[in-house]
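Visitor: Starting off with a structure, shown below.
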Amino acid sequence: MNDDSTSLARTPLHAWHVEHGGRMVPFGGWDMPVQYKTGIIAEHLATRRGAGAFDVSHMGRLRVRGKGSVAFLSRALTCNVAALVPGEAAYGFIATPGGGAVDDAYLYMLDDADYLLVVNAANRDKDIAWLEAIDRDGATLEDQSAAYGMISLQGPRAQVIMESLLDAGALPENKRNRLGTCRLAGHDVIVARTGYTGEPVCFELFPAADFTVELWQRLIDAGATAVGLGARDSLRLEAGLPLYGHELGEGPDGREIPVFANDLARFAVRGGDGYTGCEAIAKQREEHMRIKRGELGGDWRPQVLTHLVQPIAVFEGRRPLRAGYRVLHDGEAAGWVTSGTTVPYARFDGAGVTAAPSQEEHVLRPIGLALLDARLRYRSDRTVRLTIEDDRGKSFEAELVERNLWPLAPYGRAHTGFEAWAPPPRVSGNEVPGRVQALKDSADRNHRWRRTGCVNLIPSEQCTSAFVDALCTSDPAGRYNEHKPMRALGVNAPDVRYYKGTAYSMEKEEELVAALASFFDCAQVEPRVISGQMANDTVYDALVQFRNRHRRGQEPRRLSRVLVHDLNRGGHLSAQVMGALKNYVAFDPDTERPAVEHFVYRDDDPHAVDAAATCEVVERTRPDLIVFGRSVIIRREPVAEVATFVHEHFGADDPSRPLIMFDGAHVLGLIGDHYQKPLHEGADVITGSTHKSFFGPQRGVVLTNIEPGHAFEGFWRQVRSRAFPGHVSNHHLGTLLGLLGATYEMLAFRDEYPPQVIANARAFAAGLVDAGLSVEGDPAIGHTETHQVLLRVARGRGEHAATGLEAAGIITNPQAYHDDPSFAAASGVRMGTQEMTRYGMREDDFRELATLVARILESSGAKDAAGFADEVRALRARFTEMRYCL
């Protein structure tokens, strides 16, 4: 301990640090551990490999409460305070009039008009003085730093450790910047999913001061490693996160660093004005956007953002980077290193998402952040080489890199260098005959294996019958049949066709419409979309056109708000902003996010929608569109409850009410008397893929009961026109003919196949449970109401389990659930019974399969699992003849 340490402030954990060998140093007026006996390198690696616990109780914790809180904080901070709801957090800046940073801060909304603002330890007094000079509109500002401790728990095992301490309930929603109060070891603790290490699995805990030591010890006992300030700095630097006094505040040239010199400002600065420095920062934002777009040509040069903070690394040599070193490019001064150190990164055992960091091997590499000339940008061809001059005038080489860490859960991956891009190999003419024969042989082997040699349980796949296969390859394949209705010719007039020789194709397309309408008991069908994704895209497009009717000459509006299933809760990708919805949903200027709401789920069942709470969301937000249906779906959707509310609250015949859509991609073949009938329950439109639980080739459909005179009649006309000519030209007449044959098969077996699929799924789930495995879903309904069975293995072991089953010949897919940090850290396996039901498996057969699955999963790895391949082939050999066929 330093001799003058008695004059320094101490956290509640100070005695623990000293007792456990912490090397104490002054930091921001506090006596803090820079490292423990293990050392900075070991602590850094322990966080990346497992979980690191950090005492951050020295940070300032300011409580803001009262009616004027939002107005006050909106003047004080750059982040969008008004967009927060209780249980959310945001990173932002306390900005200077010139657009620099007084400090960076994290704002946590605990409740209505109740916020916790966390600021840097060394800046606490300065920040309080700054904030007290701002009109508070009656809000109170109180320094509660002494009332709470603050512990950061970071790393891939952090969630497992937190779950082990939970008395009851759940951790905050599995998204960054979510928070809540959890009961840990008999105490209420504010827990937030935030952190300063770049780890995708991260928590920050705010225990009462007198519970801080006990909670810390419990975290250590549960497997966390105590980490000091040294590794905290190396971890944040590796993640490219700014530190006040280095990347924020005053730069090496003595000038104020603009906040947008840091790329993180994109997430920390709201649009609009009303806060200190907003005019200067607005100019920075515009410059930042143009710099990032590469628009530095012509006469335009940045006036404010002449330099940006960017990551650099030394890939050859071991010379460490240090703050203040000069950076040159092509012999010209280019900037300064703002932070630098040498960090360790672990070698990974294995490849792909199942690879894990070695517990033994690691390599050291010098990395840093540098305030560089804004004209210097990372290039993937590795051409931006830099010269670093140290404080003694000696120089060495470094490179501008894209980043130094990829935060892919569960393990962050260090960027360890560049790989040369490899163009695809070329095929010479004399290779073609041999390649053709090899292709024929391999295709035949794969076909026989998939149809007779393995057990396919992927829920989104289905085999087609020989009858359908033959139809798909008959002559219409490759032909065209573009057509559209002309209203001037009459509502019952045939479509105008743009090709001749298409009478047969047109006849069969009309026959397909009749067959699908018969199976789904619906009024109208659009069969030309060639995938479920395209079906959804067509509906979104059509609704936008419908909402913009009679707005000729005006900028078209997007969908004002959409209610969908959260991707974390099994929502289909096509109903997400990253999917087909991206081009159609509006941007909410208040939240500065896409205008998307999510269904509310029951507390007692994360797979079941809370219909009453969801209706409250509908009433509050009045969405343009409500999208039912999921890709992870084991429950019926509450279409009737929500549709009844919509019709009563907004009016069934009001064309401005929400359109109700059911994405039936996974359950299309189950829709009917044995599952649910969304159109009869109030859905306006069904979309779906025809090749999952339905018998068809890979296509899509749009179905509706909208008839002439319906409030959404104009919407359906838009669906027809957006299908063609909007989204397809050649709508794949071969598979369309195959779909007709498949629909006849579905009609023939509509009362046999769907109930057997569901009965098999429930028998399979029961068998897995009997074998000692954990299955998602409510046991009271047999764990599932669809073809899907959701197996939970262990945290982050879904990929391993699915790989082991594949080695044995059972084909599934890893599945991330609502409490998993990412798909790469999936803890589940998703399985479906539809294909093997079609090959004749029944309840007892699925119970037998469940026992076999359990035995395979008990083996230690894919190599051991492969030893079960003979048993799997023997089981499959009993089920090679396809049923429910014509």
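The values are calculated or read from the model by the stated rules, or taken from the named source; none is laboratory data. On a predicted model such as this, the values are computed, not experimentally measured, just so you know. Don't worry about glycine lacking a Cβ; one is built from the backbone with ideal geometry, like all the others, and counts go over all protein chains shown. Keep in mind that these areas ignore ligands, DNA and RNA; they rest on the heavy atoms of the full protein, side chains included. Shrake-Rupley method; radii C 1.70, N 1.55, O 1.52, S 1.80 Å.
Visitor: Could you say which residue among Asn813, Asn760 is closer than 22 Å to Glu858 by Cβ and of a type in the set (S, T, N, Q)?
Guide: Going through Asn813, Asn760 in turn, just one is closer than 22 Å to Glu858 by Cβ and of a type in the set (S, T, N, Q): Asn813.
Visitor: Ok, one more. Got a sec? Which helices (runs of 4 or more DSSP H) wholly within the range 837-877 have at least 1 residues that are open to solvent by less than 30 Å² (accessible area, probe 1.4 Å), in contact with a Phe, Trp or Tyr (Cβ under 9 Å, 6 or more places away or on another chain) and farther than 18 Å from His800 by Cβ? Let's see the steps before the verdict.
Guide: Details: elements: 843-858, 862-865, 869-877.
Counting at least 1 such residues, we get 843-858, 869-877.
Let's see how each residue does on (1) touching a residue at least 60 places away in the same chain (Cβ under 8 Å); (2) assigned to a loop (DSSP other than H, G, I, E, B); (3) more than 19 Å from Glu204 (Cα to Cα); (4) not small (Gly, Ala, Ser):
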site	(1), (2), (3), (4)
Thr11	yes, yes, no, yes
Met24	no, no, yes, yes
Met32	yes, no, no, yes
Lys37	no, yes, yes, yes
Glu43	yes, no, no, yes
Thr47	yes, no, no, yes
Leu62	yes, no, no, yes
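Visitor: Please find, within the range 657-676, the residue that is most open to solvent (accessible area, probe 1.4 Å) out of those that are of a type in the set (D, E, K, R) and in a loop (DSSP other than H, G, I, E, B).
Guide: Per the stated criteria, the residue is Asp673.
Visitor: Any idea which of (1) open to solvent by 10 Å² or more (accessible area, probe 1.4 Å); (2) more than 22 Å from Leu237 (Cβ to Cβ); (3) at pLDDT 95 or above is the one Ala42 doesn't satisfy?
Guide: Only one criterion in (1) open to solvent by 10 Å² or more (accessible area, probe 1.4 Å); (2) more than 22 Å from Leu237 (Cβ to Cβ); (3) at pLDDT 95 or above is unmet by Ala42, namely (2).
Visitor: Which one is surrounded by the most Cβ atoms within 10 Å (Cβ to Cβ) among residues in the range 276-320 that are in contact with an Asp or Glu (Cβ under 9 Å, 6 or more places away or on another chain) and among the charged types (D, E, K, R)?
Guide: Arg319
Visitor: Tell me which residues, restricted to the range 790-814, are assigned to a strand (DSSP E or B), over 19 Å from Pro156 (Cβ atoms) and under 22 Å from the mean Cα position of the chain (by Cα).
Guide: Once the filter is applied, which keeps residues that are assigned to a strand (DSSP E or B), over 19 Å from Pro156 (Cβ atoms) and under 22 Å from the mean Cα position of the chain (by Cα), the range 790-814 yields Leu790, Leu791, Asn813.
Visitor: Oh, and also: Within the range 137-166, how many residues are free of Cβ contacts under 8 Å to residues at least 60 places away in the same chain and within 19 Å of Pro606 (Cα to Cα)?
Guide: Within the range 137-166, residues that are free of Cβ contacts under 8 Å to residues at least 60 places away in the same chain and within 19 Å of Pro606 (Cα to Cα) number 2.
Visitor: Identify, from the list Val455, Val427, Val432, the residue that is closer than 30 Å to Ala869 by Cβ, of a type in the set (Val, Ile, Thr) and either in contact with a strand residue (DSSP E or B) (Cβ under 6 Å, 6 or more places away or on another chain) or open to solvent by 40 Å² or more (accessible area, probe 1.4 Å) (or both).
Guide: Val455
Yes/no matrix, rows are residues, columns are (1) closer than 18 Å to Gly272 by Cβ; (2) surrounded by 18 or more Cβ atoms within 10 Å (Cβ to Cβ); (3) of a type outside the set (Lys, Arg):
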site: Leu77; (1), (2), (3): yes, yes, yes
site: Gly92; (1), (2), (3): yes, yes, yes
site: Met109; (1), (2), (3): no, yes, yes
site: Ala113; (1), (2), (3): no, no, yes
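Visitor: For the subset of the range 818-836 comprising residues that are assigned to a loop (DSSP other than H, G, I, E, B) and open to solvent by 10 Å² or more (accessible area, probe 1.4 Å), which member is nearest to Ile758 (Cα to Cα)?
Guide: It comes out as His818.
Visitor: Okay, next question. State which residue pairs qualify: first residue in contact (Cβ under 8 Å) with a residue 40 or more places away in the chain and inside the range 619-639, second residue hydroxyl-bearing (Ser, Thr, Tyr) and part of a helix (DSSP H, G or I) in any location, beta carbons under 8 Å apart, and separation of 6 or more residues or different chains.
Guide: Leu625/Tyr540
Visitor: Filter the range 148-167 down to residues that are among the hydroxyl-bearing types (Ser, Thr, Tyr) and either open to solvent by 10 Å² or more (accessible area, probe 1.4 Å) or assigned to a helix (DSSP H, G or I) (or both) and give me whichever is farthest from Ala208 (Cα to Cα).
Guide: Among residues in the range 148-167 that are among the hydroxyl-bearing types (Ser, Thr, Tyr) and either open to solvent by 10 Å² or more (accessible area, probe 1.4 Å) or assigned to a helix (DSSP H, G or I) (or both), the one farthest from Ala208 (Cα to Cα) is Ser164.
Visitor: Just name the residue that is farthest from Gly700 (Cα to Cα) out of those in the range 488-516 that are touching a residue at least 60 places away in the same chain (Cβ under 8 Å) and among the hydrophobic types (A, V, I, L, M, F, W, C).
Guide: Out of the qualifying residues, it is Val491.
Visitor: Can you pull out the strands (runs of 3 or more DSSP E) entirely within the range 582-656 that have at least 1 residues that are touching a strand residue (DSSP E or B) at 6+ places or on another chain (Cβ under 6 Å), within 13 Å of Val562 (Cα to Cα) and open to solvent by 20 Å² or more (accessible area, probe 1.4 Å)?
Guide: Answer list for the range 582-656: 596-598.
Visitor: Return the residues of the range 321-356 that are surrounded by fewer than 18 Cβ atoms within 10 Å (Cβ to Cβ) and in a loop (DSSP other than H, G, I, E, B); say none if nothing qualifies.
Guide: Arg322, Gly324, Asp330, Gly331, Gly350, Ala351, Ala355
Visitor: Let me ask you something else. Could you list all residues from the range 677-715 that are under 22 Å from Gln756 (Cβ atoms) and crowded, with 24+ Cβ neighbours inside 10 Å?
Guide: Listed by number, the residues that qualify are Pro678, Gly688, Ser689, Thr690, His691, Lys692, Ser693, Phe694, Phe695, Gly696.
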